[in-house]
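Below is one structure, written out as structure tokens; comments come after it.
Values in this text are rule-based calculations from the coordinates and carry no lab data. These figures come from a predicted structure and were not determined experimentally. Don't worry about glycine lacking a Cβ; one is built from the backbone with ideal geometry, like all the others, and counts go over all protein chains shown.
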Amino acid sequence: MVEQTLSIIKPDAIERNLESKIKTFFEQKNFKIAKSKKVQITKEEAAEFYIIHQTKPFYEDLCNYLSSGPIVVMVLEGEGAVSKNRQIMGATDPLKAEPGTLRKMYGISIDKNSVHGSDSLENAKKEINFFFSK
Ligand code: UDP
Ligand code: MG
């Protein structure tokens with residue numbers, strides 16, 4: 001099934017000028033980048049986006065981090081896009097990510113792991129709506 005998922009190139013990767021490398025990587029994996037925009041969100045917006053993690057010890061740092069600089073938000077489209085994107089991103093902790101995955105190649109640490117990807121079709125719809133409804 002052709003799906004859409006939300007991808008974010010996080011501040012650590014934008015800061016290191018990795019936007020075009022990461023976009024090329026997605027295209028080489030046969031994703032269509034249906035929408036893309038560079039934005040900087042507020043801490044409050046980050047808190048809303050990551051509300052699912054509100055009870056986690058890393059929540060506060062995570063919200064500060066995602067709002068700390070520009071990010072690129074994209075709608076990726078393709079066959080099985082949600083799980084396929086999770087696969088090519090790699091594990092949350094770059095140290096545990098498989099070779100050839102984005103987080104293995106570019107992630108600095110578990111918190112500065114370069115990319116976000118929706119974890120289910122339902123969350124993908126919510127997250128796309130969060131960034132692209134206006
Ligand atoms: N995170 C963190 N410390 C942790 C776990 C997660 O800083 O111990 C951050 C990390 O940036 C991660 C985000 O919180 O990407 C969301 O966590 P989640 O478990 O949903 O990982 P993901 O779905 O991004 O792989
Ligand atoms: Mg997640």
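Of note:
- Applying the Karplus relation 6.51 cos²θ - 1.76 cosθ + 1.60 with θ = phi - 60° to the stretch 47-54 yields 3J(HN,Hα) values of 4, 6, 4, 9, 3, 4, 9, 4 Hz, where x marks Gly and Pro.
- Sorting Ile108, Ile22 from the fewest to the most surrounding beta carbons within 10 angstrom yields Ile108, Ile22.
- Residue-count net charge about Asn30 - beta-carbon cut-off 11 Å; Lys, Arg +1, Asp, Glu -1: 0
- Entries of Lys112/Lys134; Lys84/Lys104; Lys32/Lys84; Lys56/Lys134; Lys43/Lys112 with Cα pairs more than 18 Å apart: Lys112/Lys134; Lys56/Lys134
- Listed by Cβ neighbour count within 10 Å, with the fewest neighbours leading, His116, His53 appear as His53, His116.
- Rounded to the nearest 20 debye, the dipole size of the chain about its Cα centre is 360 debye, using +1 on the Cβ of Lys and Arg and -1 on the Cβ of Asp and Glu.
- Cα shape, the stretch 42-124, gyration tensor, a/c 1.5 rule: oblate
- Integer Hz, Karplus 6.51/-1.76/1.60 couplings in order for the stretch 87-96, x for Gly and Pro: 5, 7, 6, x, 4, 3, 8, x, 5, 9
- Net charge in the neighbourhood of Lys84 (other residues with Cβ under 10 Å of its Cβ; Lys, Arg +1, Asp, Glu -1) is 0.
- By other beta-carbon atoms within 10 Å, ranking Thr55, Thr101, Thr92 with the fewest at the front produces Thr55, Thr92, Thr101.
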